[in-house]
């Protein structure tokens, strides 16, 4: 796929409360399946997304620490829920609450990943957005990407520790 160069807009794309965005990837995050809701909201055709990295819809407002936590969790064989701001092909953004799980073969080996995304609660986003800005600022305040990721991830871990809560509890507390 040719790299598309798009600038983020301030326009929010939406999808229905009863709709689910679904995708499946291989072990490296390359898209093997995307449902019609994914394609419509992201603004791509199926042939444009298949075998492409799922990061093609990553919004620049997303702190990399969230993706590190996500990948660390699913690669260990566990599921994770996370709030994610994605970017459509035209630069519009859309928020999701993602449930990402490993897919296993009959021998119990992880062979890929499956993600279902729903419309998140607005009250959760009111708490997530300032946190993500803080994590992104920690990343951008460093001289290189590796140090930025460490700083951002460290800030996330410190927040959880300070609140004496694990990540799963934290995510669900945001919508309460």
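Over 29 Å, how big is the tail of the calculated P(r) for the chain, in percent of all Cα pairs? That fraction is 19 percent. Rg and Dmax over the alpha-carbon atoms of region 93-176 stand at 15.7, 45 Å. Considering only 104, 44, 15, the mean-square fluctuation computed in a Gaussian network model of the chain, springs between alpha carbons under 10 angstrom, is largest for 104. Counting other Cβ atoms within 10 Å as a rough exposure proxy, the listed residues 36, 26 run 36, 26 from fewest neighbours to most. Averaging the Cα positions of each part gives two centres, and for region 120-139 and region 62-91 these lie 14 Å apart.
Express as a percent, rounded to the nearest 5, the fraction of DSSP beta bridges in the chain (both residues included) that run antiparallel. Each step should come with its number before you reach the end.
Working: 26 of 27 bridges.
Roughly 95 percent of the DSSP beta bridges within the chain come out antiparallel.
Computed per residue of the chain from DSSP H runs no shorter than four, each worth -39500 (n - 2.57), the mean residue ellipticity at 222 nm is -12000 deg cm²/dmol.
No lab work stands behind these numbers, since they all come straight from the coordinates. No experiment lies behind these values; they were computed from the predicted model shown. Heads up, the Cβs are rebuilt from the backbone with ideal geometry, glycines too, and the neighbour counts pull from every protein chain shown.
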